[in-house]
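Taking it in order: structure first as structure tokens, then the write-up.
What follows draws every value from the coordinates through simple rules; no lab data is involved. Computed from a predicted structure; not experimentally measured. Reconstructed Cβ throughout: ideal geometry from the backbone, glycine too, with neighbour counts over all protein chains shown.
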Amino acid sequence: MRTMPWAACLIVAAGLATACSREDPGWESGHGPRTFRLSVSEQGFTPTRVETWAGQPLTLLVTRTSESGCARQILIPDAGITRELPVNREVRITLVPERPGSIRYTCCEEMDGGRIVVQESPGTG
């Protein structure tokens, strides 16, 4: 049986397209600000790492799923943000990280949380 090299190329191209289209956990595609869903349970925040670009709007959709734990609020000290987190209600937080680096988000007791990793915007380097 004779194999066709173009068929192999199509299979590889399809695999690469699938791999390149995968986004970060919690990321919602669409237009406008980059949007991530965060959930907060007795185990803490999920995901614990969010990646975005400097100078671009970022929206966090945060849902607390448990009465237990210290996550009655989310704090983002570097952005001056404190928000109440009612159980099973989505809270929308939008911010614009101005420069590359790391921004921490935590519970109200600063015991649990994660990081927003801000990368230099493409084309600015």
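With a ≥ b ≥ c taken as the square roots of the eigenvalues of the C-alpha gyration tensor of region 26-119, please select rounded if a/c is under 1.5 and otherwise prolate if a/b is larger than b/c or oblate if it is not? Kindly include the intermediate steps, with their values, before the conclusion.
On the way: a/c = 1.96, a/b = 1.49, b/c = 1.32.
Verdict is prolate for region 26-119.
Measure off 7 Å from each Cα along the Cα-to-Cβ vector at residue 66 and residue 82, then give the distance between these two points in nanometres to one decimal.
2.4
Would you grab the residues whose amide H sits under 5 Å from the one on residue 112? Only those 5+ places off in sequence or on another chain, please, with H modelled 1.01 Å from N.
107
Spelling out what I want: for every residue of region 66-82, take phi, set θ = phi - 60°, compute 6.51 cos²θ - 1.76 cosθ + 1.60 (Karplus), and round to whole Hz; glycine and proline get x.
8, 6, 6, x, 9, 8, 6, 9, 10, 10, 10, x, 5, 9, x, 10, 9
Quick query: amide H of residue 121 versus all other amide H atoms, modeled in the peptide plane; which residues come in under 5 Å with a sequence gap of 5 or more or a different chain?
Residues meeting the criterion, in which the H sits 1.01 Å from N, are 54.
So how do 59, 106, 94 line up by other beta-carbon neighbours within 10 Å, fewest first?
Numbers: 59 16, 106 20, 94 13.
The most exposed by this proxy come first: 94, 59, 106.
Which cross-chain or sequence-distant (5 or more) residues have an amide H under 5 Å from the amide H of residue 35, H modelled 1.01 Å from N in plane?
It is 28, 59, by chain and number.
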